[in-house]
1. Check Asp144 against each of (1) open to solvent by less than 50 Å² (accessible area, probe 1.4 Å); (2) part of a helix (DSSP H, G or I); (3) of a type in the set (D, E, K, R) and name the one condition it does not meet.
2. Looking at the structure I just gave you, is Gly94 in contact (Cβ under 8 Å) with a residue 24 or more places away in the chain and at positive phi?
3. Name the pairs whose Cβ atoms lie under 7 Å apart, with the first residue in the range 104-118 and over 15 Å from Leu157 (Cβ atoms) and touching a residue at least 40 places away in the same chain (Cβ under 8 Å), the second open to solvent by less than 40 Å² (accessible area, probe 1.4 Å) and of a type in the set (Asp, Glu), and 6 or more positions between them or separate chains?
4. How about the range 153-165: which of its residues are open to solvent by 80 Å² or more (accessible area, probe 1.4 Å) and either touching an Asp or Glu at 6+ places or on another chain (Cβ under 9 Å) or under 25 Å from Gly35 (Cβ atoms) (or both)?
5. Residue by residue through the range 94-133, note down the ones that are in a loop (DSSP other than H, G, I, E, B), of a type outside the set (Gly, Ala, Ser) and surrounded by 21 or more Cβ atoms within 10 Å (Cβ to Cβ).
Amino acid sequence: QTMSPMPDRLTISNTSPVLYLHLTGHLDLLAQLYGEVVVPSAVEDELRAGAERGVAVPDIAAIPWCRAMSVASSESIPLVIDLGRGEAEVIALGLENPGSRLVLDDTLARRIARLQNLSFTGTLGVLVKAKQRGLLLSISPVVDALRDAGLWLSDALVAEVLRLADEASPPRRPTRPR
């Protein structure tokens, strides 16, 4: 039983980090790194819908360090056509709770968060931080497990994250001399 840290600030997660960390057996990294984690109501709904379809999803109500939170005002929800409800509510909660940390994987959501000057990380950022804190010996097998579980990750992103984690893999094919 490791003690989770006192939250330095509110951490608000979208569906994919919670789902994929759960599917790979690493959901507890969120608690170990951030203490309490909040998910917007829409994320709780998305997870419930996944459970109804037979997807192995975590039950937010059964996780002591995780709780659902409703957006206080629908006016803080960004009205962006291609943004999912979960991502929109994560950003809204971030706007309503200045200084919070968002955990988002969606490219558009991250772009909007950046434009709103919101602090964010993603599933892979969680892994890099976990390795830096000594909670993981290597992130490479976890990245492979995330891909196997269905999280789409570009080769360029994976290469960059492995470099950040000091696990840069050697080039697959020899490079031509210049």
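The values are calculated or read from the model by the stated rules, or taken from the named source; none is laboratory data. Quick caveat, the model's predicted, so the values are computed rather than measured. Virtual Cβ from ideal backbone geometry, glycine too; neighbours counted across all protein chains shown. Please note that ligands, DNA and RNA were not included when accessible areas were found on the heavy atoms of the full protein model with its side chains. Shrake-Rupley method; radii C 1.70, N 1.55, O 1.52, S 1.80 Å.
1. Looking at each condition in turn, Asp144 falls short on (1).
2. The answer is no for Gly94.
3. Ala109/Glu87
4. Leu164
5. Leu104, Asp105, Leu118
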